[in-house]
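Shown next, in structure tokens, is the structure this report addresses.
The values are calculated or read from the model by the stated rules, or taken from the named source; none is laboratory data. Being a predicted model, the structure only gives us computed values, none of them experimental. In this analysis, Cβ positions are derived from the backbone assuming ideal geometry, glycine residues included, and neighbour counts consider all displayed protein chains.
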Amino acid sequence: MNSPSIFTWEQAKKIADLVVFQKFGEHLKDSELEVLQGAWEGLTYEKMAEDFYRSVNYIRGDVGPKLWQKLSDALAEEVTKKNFKAALERASSLQQTVPPVSPIPDAAFRRLQLPFPEGSVPLDSPFYLEREGVESVCYGSISKAGSLTRIKAPKLMGKTSLMARIIARGKTQNYQTANLDLSDIERGIIVDLDKFLRWFCLMVGRQCQLDSRLQDLWDTEILGSNDNCTVYFEEYLLPEINGPLLLGLDNVDRIFPCIEVVEDFLGMLRSWHEKGKTSQRWRQLRLVMAYSTECYVPLDMNQSPFNAGIPVELQEFNRKQVKQWACLYGLDWNESQVDALMGTIGGHPYLVGLALYEIGSGRMDLDRLLQSAPTEAGIYSSHLRRHLETLQSSPELFDAFQQVVASPEPIELNSMQIYKLHSMGLVRQNDNRVQPRCNLYREYFHRGL
């Protein structure tokens, strides 16, 4: 007599992901898999929060209930933390073996109406792909009083989409939130420290739905601009909020060329982070900064925010993630197709997203896309021309990148050239040596330059 087979965690994870994908056209998120595994191991929500560096309120009040409801809908029966094992085992036995993940059915796929990949990915979009471990690190960081989280990546790598999700996570934890995009500031404000800090205080207050008291609390006769800004937070904004304040600053590198502002502002942020280690008032502040590269203006080691807090660097997607993303676009790709795409554009989120959109919407096939990619007839022509125009406007940068694309090996450049090319997303960096970020850039710019 054959003994009954043992239903394992790996089988449970696969069947749970499969039934959710078949029902909703999306895979289980990292946070949902964490809760599922924790429940499998018999952990309490408190223990899960401790192990996965997340808020217990977020797990108990958000992820857990939504996961069990999602599984209930997918399995057409009530699923809870207590009975999910039996429910998944029944589903697995009906399937006999777990089949490979298939693309979204045509009807469901049409309903999704593929969004054109531009700007930030909406919070409710199924096309947002979590990076392995990145979101959980950020969510864990903002749960700590007085924290500083630094998100670094070249342009078009997904910093703004990640920032939006961090802010949304803060709202689920009942934080007061403010999210400022420094790329939106007018030039006349960003070059004047006093105007910039007044703008900064005003915008944070507005997003926190507080009236402005700048006229009453800004003392221009005795205090400097940094002191006035610190006093405004310490004596008005933070006391009025009287709870955690999650402050997101996106595109911080916009102020790096503004010598009149950058050193004082960044030094002030660092001092606020240090105050959070000893002051109960400043422990309210959770600060998240996103930027393309570190500031090239020399900063005192003890005043720079770039050697404090939790660093998070966004990397390109790997093969597994690109294949998963392709599946969301209705593409049942094999390894060779994924390798062919990544051999040209790597795992750059914007470049990959645009390719999957074009192929998934039926506009062209993979072979045609790759053949035309580095030409003016390809889907990347506007993106490539914008970079070319930027390079042509700077003769020194033009000459530097010309050397990079012409060399089969990484070459050495000076710090400023590396800073500018890396912030544009054109090169991979290894110490003082760089090479083109992908073959698309090498082929197009070798010809164009």
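Things to note:
- Residue 370 being under 27 Å from residue 162 (Cβ atoms) and either of a type outside the set (Ser, Thr, Tyr) or in contact (Cβ under 8 Å) with a residue 24 or more places away in the chain (or both): no
So that you can scan it fast, the table gives a plain yes or no per residue for (1) among the β-branched types (Val, Ile, Thr); (2) within 20 Å of the chain's Cα centre (by Cα); (3) not assigned by TED's automatic domain parsing to the domain that holds residue 195:
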{"residue": "256", "(1), (2), (3)": "no, no, no"}
{"residue": "262", "(1), (2), (3)": "yes, no, no"}
{"residue": "274", "(1), (2), (3)": "no, no, no"}
{"residue": "281", "(1), (2), (3)": "no, no, no"}
{"residue": "287", "(1), (2), (3)": "no, yes, no"}
{"residue": "334", "(1), (2), (3)": "no, no, yes"}
{"residue": "340", "(1), (2), (3)": "no, no, yes"}
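- The set of residues in segment 290-339 that are in contact with a Pro (Cβ under 7 Å, 6 or more places away or on another chain) and either of a type in the set (Ser, Thr, Tyr) or at pLDDT below 90 (or both) comprises 292, 328, 330.
- Residue list for segment 390-428, restricted to those being small (Gly, Ala, Ser) and more than 12 Å from residue 293 (Cα to Cα): 393, 394, 400, 406, 407
- Looking only at segment 401-438, and only at residues there that are over 20 Å from residue 317 (Cα atoms) and of a type in the set (D, E, K, R), the one that is surrounded by the most Cβ atoms within 10 Å (Cβ to Cβ): 420
- Restricting segment 300-357 to residues that are touching a residue at least 24 places away in the same chain (Cβ under 8 Å) and among the β-branched types (Val, Ile, Thr), the residue that is nearest to residue 272 (Cα to Cα) is 310.
- Of the residues making up segment 387-408, at least one is under 27 Å from residue 116 (Cβ atoms) and of a type in the set (S, T, N, Q).
- Note on segment 340-367: residues that are surrounded by fewer than 14 Cβ atoms within 10 Å (Cβ to Cβ) and in a helix (DSSP H, G or I) total 2.
Table: residues versus (1) outside any loop (DSSP other than H, G, I, E, B); (2) touching a Leu at 6+ places or on another chain (Cβ under 8 Å); (3) not hydroxyl-bearing (Ser, Thr, Tyr).
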| residue | (1), (2), (3) |
| --- | --- |
| 374 | no, yes, yes |
| 382 | yes, no, no |
| 386 | yes, no, yes |
| 389 | yes, no, yes |
| 401 | yes, yes, yes |
| 408 | no, no, yes |
| 416 | yes, no, yes |
| 440 | yes, yes, yes |
| 444 | yes, yes, no |
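- Residue that is modelled with the lowest pLDDT [pool: residues in segment 59-69 that are crowded, with 20+ Cβ neighbours inside 10 Å and not small (Gly, Ala, Ser)]: 59
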